[in-house]
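Only one structure is covered here, and it is reproduced in the block below.
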Amino acid sequence: MEISNTDTIRISDAEFHMIADFVYREFGIRFADQKKSLVEGRLSKVWKEGNYRSIRAYLDDVKSDQSGKRLQEMMNRLTTNHSYFFRENQLLTYFSQNGGFQSLGYMPRQTHPDIRIWSAGCSEGQEPYSLAITLLEYFGPHLKAVNPFILATDISERALMKAVNGVYSKSEITENVNKLFLVNYFEHVGSDEYRVKKSIRDMILFRRLNLNNDAYPFKNRFDIIYCRNVMIYFDNDSKERIINRFYRYIKPGGYLVIGCSESINNLKHPFKQVAGSIYRKIEKI
Ligand SMILES: C[S@@+](CC[C@H](N)C(=O)[O-])C[C@H]1O[C@@H](n2cnc3c(N)ncnc32)[C@H](O)[C@@H]1O
């Protein structure tokens, strides 16, 4: 590594590959060669603060840190947490307005037990909160009787902390949340911030989870898994492994939703594509 007066520390190709291989083994995320300057830009501060003599010394420190803090810090910096409310909204309204919930047996404004949705790679919470609002709008006063469960997971502890807190700047909110939703589901805190109301926050369980883990710690399956704009980081092997694992965690007839610009059509998996980026587990109940 080459320490200079600028903020960015330059590393050799070999050092970059050491980091890229480590990140791939731990998280299934593949950094192509052109991501070298991104890695340098995002980790330089950590390298400077840790006064490391080499990338090997840095990785040894990450590996030997039993608390997992160094590894966490690395992931917090390397992942891109960009998200916003009601992103790719057609993938939410597919269920509330285009028959998706009905196809799962959930009728509007009627009571049904235990709808379970998982936002896998939820970033700072905009996705699961948008899902909670969508459910509320669909089930209306019957939502409580539906006993909704929304699990929201991410690998980034920093993103999850913001998600749990549910506080967003005015600009993060106003661009994508309509006035009615703003009044009904958010409260003004401070001059330029809004907080998701407690009743909505209480609908979601936030947890840290690495999607690249061999198994997930869930007993019950989900009606819908949203995993949008997350697998863009993964190579095809990791994607295929994760999608096939998702399949096991989806109820028969349930759905997997990926991002609009993503595709899993070139991979081996048992899902049936029912619309753009919406896939279904077609299996007898
Ligand atoms: C671009 S955000 C997408 C957020 C949201 N799903 C959306 O579409 O707006 C991608 C998220 O995936 C998370 N992520 C990346 N690799 C992951 C992994 N191996 N396990 C769990 N989450 C991961 C990142 O931390 C980040 O918050």
(1) buried (at least 17 other Cβ atoms within 10 Å of the Cβ); (2) assigned by TED's automatic domain parsing to the domain that holds K35: which one isn't true of Y129, the others all being true?
-> (2)
Pairing a residue in the stretch 106-128 that is more than 16 Å from the ligand (Cβ to nearest atom) with any residue that is at pLDDT below 90 and of a type in the set (G, A, S), where Cβ atoms lie under 6 Å and the two sit 6 or more apart in sequence or on different chains, gives R109/G140; T111/A145
Checklist (1) hydrophobic (A, V, I, L, M, F, W, C); (2) assigned to a helix (DSSP H, G or I); (3) within 16 Å of the ligand (Cβ to nearest atom) applied to I150, failing item = (2)
Which listed residue, of S123, S83, S67, is part of a loop (DSSP other than H, G, I, E, B), out of contact with any strand residue (DSSP E or B) (no Cβ under 8 Å at 6 or more places or on another chain) and either surrounded by 15 or more Cβ atoms within 10 Å (Cβ to Cβ) or aromatic (F, W, Y) (or both) | S83
First in the stretch 195-219 and assigned by TED's automatic domain parsing to the domain that holds L151 and in a strand (DSSP E or B), second anywhere and more than 14 Å from the ligand (Cβ to nearest atom) and not hydrophobic (A, V, I, L, M, F, W, C), Cβ under 6 Å, 6 or more apart | R195/G166; R195/E187; V196/G166
Considering the stretch 86-95, residues that are without any contact (Cβ under 8 Å) to a residue 60 or more places away in the chain and closer than 24 Å to R195 by Cβ, and then whichever is surrounded by the most Cβ atoms within 10 Å (Cβ to Cβ), we arrive at L92
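Any chance the stretch 166-189 includes a residue that's of a type in the set (D, E, K, R) and within 16 Å of the ligand (Cβ to nearest atom)?
First, the residues of the stretch 166-189 that are of a type in the set (D, E, K, R): 170, 172, 175, 179, 187.
Now narrow it down to the ones that are within 16 Å of the ligand (Cβ to nearest atom): 172, 175.
Yes: one or more hits.
Of all residues in the stretch 196-246, which are of a type in the set (V, I, T) and surrounded by fewer than 18 Cβ atoms within 10 Å (Cβ to Cβ)?
Filtering the stretch 196-246 for residues of a type in the set (V, I, T) gives 196, 200, 204, 224-225, 230, 232, 242-243.
Listed by number, the list holds a single entry, I232.
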Identify, from the list E157, E172, the residue that is modelled with pLDDT under 95, surrounded by fewer than 17 Cβ atoms within 10 Å (Cβ to Cβ) and of a type in the set (D, E).
-> E157
For residues in the stretch 24-39 being surrounded by fewer than 18 Cβ atoms within 10 Å (Cβ to Cβ) and hydrophobic (A, V, I, L, M, F, W, C), which is farthest from M75 (Cα to Cα)?
-> A32
Take K144 and decide whether it is more than 16 Å from the ligand (Cβ to nearest atom) and under 20 Å from Y185 (Cα atoms).
-> yes
Residue tally, condition more than 26 Å from K219 (Cβ to Cβ), assigned to a helix (DSSP H, G or I) and hydrophobic (A, V, I, L, M, F, W, C), over the stretch 235-280 = 0
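The values are calculated or read from the model by the stated rules, or taken from the named source; none is laboratory data. Everything numeric in this text was worked out from a predicted model, so none of it was measured. Using ideal geometry, Cβ is built from the backbone for each residue, glycine included, and neighbour counts are taken over all protein chains shown.
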